[in-house]
Amino acid sequence: MPVGPQTRGFPAMIEPDQPSLSTPELDHEELFPIREVSRMTGINPVTLRAWERRYGLIQPTRTESGHRLYSQADIDEVRSILGWIERGVAVSKVGRILAKSQNLKVENQPQRSDESQADFIQWQAQLRQSVRAFDERRLEQVYGQVFSSYPQLVAFQDILMPVWQELRSTHEAFGQASEWLFLDSFLRGRVLQRLQLAREQQEVRVVLAAIPGQCRELELLVAALLLGTSEIAISVLGLGQPLEELSLVCERMTPHALVLFSNHPPASDLPKRLARLALALECPLLLAGEAADLAQDSLMGSQVACLGSEGRLMRRRLQQYLAGHLDS
């Protein structure tokens, strides 16, 4: 449960480089003790302390008595760290990835007002309640209300997917695997419906494929939804599509572009693999997702264009690229 400023009886254990908050400062924000953060994230307290002391990944505030208190932003950071580790990144390298990824997102995302952020948090809380109760009817109602209040991009990027990602990163705790599967199944069904409704007679056709093993199906489907427009039709290939066979697929489908999607940090040989694939294609090759943010420098000047990971940026760059204005 959240902890207020009245924390007493803890041994003095403040480290010199750790911030200490006075009582008035603590009153302004809901803060959580380490045991509660452990319960919420599935990461044990020993590991949380190691991430802080050894790698500097989290910097919780401290009371005058030295007790660690974590904000919601700290908890989100813990979940992000866990997500990268689950993708095979060594914990010693997560800090650099998070810093670079966060800087790119801050540069590309529009600023949200405090009021908007508060609204997003309330909608996310309603989603969690519906999922926790396995109440599909209520979940459908909340889903509909979200889309009646926000455009599609905001609904997915700022409300729905953050809850999905949160549950995915903590689904090892008892009951949370079922909660994540419940929400994942619900959202996949709704996204597929939207993709089917969007299939009109668009003149421009783009094929979207995942780098094998580097994203979940829902992430790929939502990317397709965010990339598509009234002029651009997105055809999604199934997970596990071999990269080596994409030249054959594109030869037969004749798309205007092929977009590869990945939410994993790029391997050192990715630029070479993409360069070989680009040479075998008759259409341009583009990269999207968090991998595009992280590989942008290494792909500079190559035949592969990076679309980024933020919805508006991906769509705008794709439109510019297809119009011949994107510097690839």
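The values are calculated or read from the model by the stated rules, or taken from the named source; none is laboratory data. As the structure is a prediction and not an experimental result, all values here were calculated from the model. Note that we place each Cβ from the backbone using ideal geometry, even for glycine, and neighbour counts take in every protein chain shown.
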Review point. What tally of residues in the range 217-260 results from selecting those that are of a type outside the set (A, V, I, L, M, F, W, C) and assigned to a helix (DSSP H, G or I)?
Key: 7
Revision key, fill the gap. Of the residues in the range 126-139 that are in a helix (DSSP H, G or I) and either farther than 20 Å from Glu179 by Cβ or in contact (Cβ under 8 Å) with a residue 24 or more places away in the chain (or both), the one that is farthest from the chain's Cα centre (by Cα) is Glu136
Study note, to complete from the structure: Flagged in the range 208-267 as farther than 23 Å from Ser298 by Cα and acidic (Asp, Glu), in numbering order, are Glu217, Glu219, Glu231, Glu245, Glu251
Point to revise | When residues of the range 280-298 are limited to those that are surrounded by fewer than 21 Cβ atoms within 10 Å (Cβ to Cβ) and more than 17 Å from Val207 (Cα to Cα), the one nearest to the chain's Cα centre (by Cα) | key: Gln296
Check your understanding: Regarding Val106, is this residue within 24 Å of Gly289 (Cβ to Cβ), more than 17 Å from the chain's Cα centre (by Cα), at pLDDT below 85 and of a type in the set (Val, Ile, Thr)?
Key -> no
Review point. Out of curiosity, is Ser130 surrounded by 13 or more Cβ atoms within 10 Å (Cβ to Cβ) and small (Gly, Ala, Ser)?
Key: yes
Check your understanding: Can you tell me which residues in the range 140-183 are over 18 Å from the mean Cα position of the chain (by Cα), within 19 Å of Cys215 (Cα to Cα) and either part of a loop (DSSP other than H, G, I, E, B) or in the same structural domain as Ser38 (by TED's automatic domain parsing) (or both)?
Key -> Glu172
Study note, to complete from the structure: Scanning the range 6-56 residue by residue, those in the same structural domain as Ser92 (by TED's automatic domain parsing), at pLDDT below 85 and in contact with a helix residue (DSSP H, G or I) (Cβ under 9 Å, 6 or more places away or on another chain) turn out to be Glu29, Glu30, Met40, Thr41, Gly42, Arg54, Tyr55, Gly56
Practice item. Among what's in the range 67-89 and is modelled with pLDDT of 80 or more and assigned to a loop (DSSP other than H, G, I, E, B), pick the residue that is farthest from the chain's Cα centre (by Cα). Key: His67
Review point. From the list Ala224, Ala209, which residue is farther than 29 Å from Glu77 by Cβ, free of Cβ contacts under 8 Å to residues at least 60 places away in the same chain, buried (at least 20 other Cβ atoms within 10 Å of the Cβ) and aliphatic (A, V, I, L, M)?
Key: Ala209
**Study point:** Among the residues listed as Ser262, Ser247, Ser302, Ser268, the single one being crowded, with 20+ Cβ neighbours inside 10 Å and polar (S, T, N, Q)
**Key:** Ser262
Exercise for review: Sort out which residues of the range 196-206 are surrounded by 11 or more Cβ atoms within 10 Å (Cβ to Cβ) and either more than 22 Å from Arg252 (Cα to Cα) or under 19 Å from the mean Cα position of the chain (by Cα) (or both), and write them in order of number.
Suggested key: Ala198
Practice item. Quickly run through the range 116-135 and pick out the residues that are of a type in the set (D, E, K, R) and within 15 Å of Phe186 (Cβ to Cβ). Key: Arg128, Arg132, Asp135
